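Reviewing the structure listed below.
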């Protein structure tokens, strides 16, 4: 219908990163009505493909609640930590 149903970013620097790493997959959002239909997977795969075509060997992201989603896509947990009192997880994916 011409309205966005999801978004995802490929960025050099994460906002206030707790780690000196680059580049990042960030800001994955899928409209609630479209969740569970493969939109998030397609967005992640598009970012991974773009990153690989740009010569990137490894991507990073922060999450907590979406750990199972990313693990199912081949991402691995690298470090659990707290940021501003909130639990966070650094994950990475070899491309």
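Values in this text are rule-based calculations from the coordinates and carry no lab data. Fair warning: this is a prediction, and the values are worked out from it, not measured in the lab. As a convention, Cβ positions derive from the backbone with ideal geometry for all residues, glycine included, and neighbour counts pool all protein chains shown.
Here are a few things to note about the model shown:
- Scattering profile of the chain at q = 0.13, 0.19, 0.24 Å⁻¹ [log10 I(q)/I(0), Debye over alpha-carbon scatterers]: -0.44, -0.93, -1.37
- Tail beyond 17 Å, pair distance distribution of region 27-76 (Cα, percent): 37
- Going from the residue with the fewest nearby Cβ atoms within 10 Å to the one with the most, 82, 48 rank 82, 48.
- Mean residue ellipticity at 222 nm, helices only, the chain: -6500 deg cm²/dmol; runs of at least 4 DSSP H residues each add -39,500 (n - 2.57), and the sum is divided by the number of residues.
- Extension gain from residue 46 to residue 18, taking 0.36 nm per residue of separation minus the Cα-Cα distance: 7.5 nm
- Using C-alpha pairs under 8 Å with a sequence gap of at least 6, the mean separation divided by the residue count of the chain gives a relative contact order of 24 percent.
- Were the residues from residue 72 through residue 53 laid out at 0.36 nm apart, the gain over their Cα-Cα distance would be 4.6 nm.
- Against the chain, whose longest principal axis comes from its Cα atoms, helix 39-53 is set at around 60 degrees.
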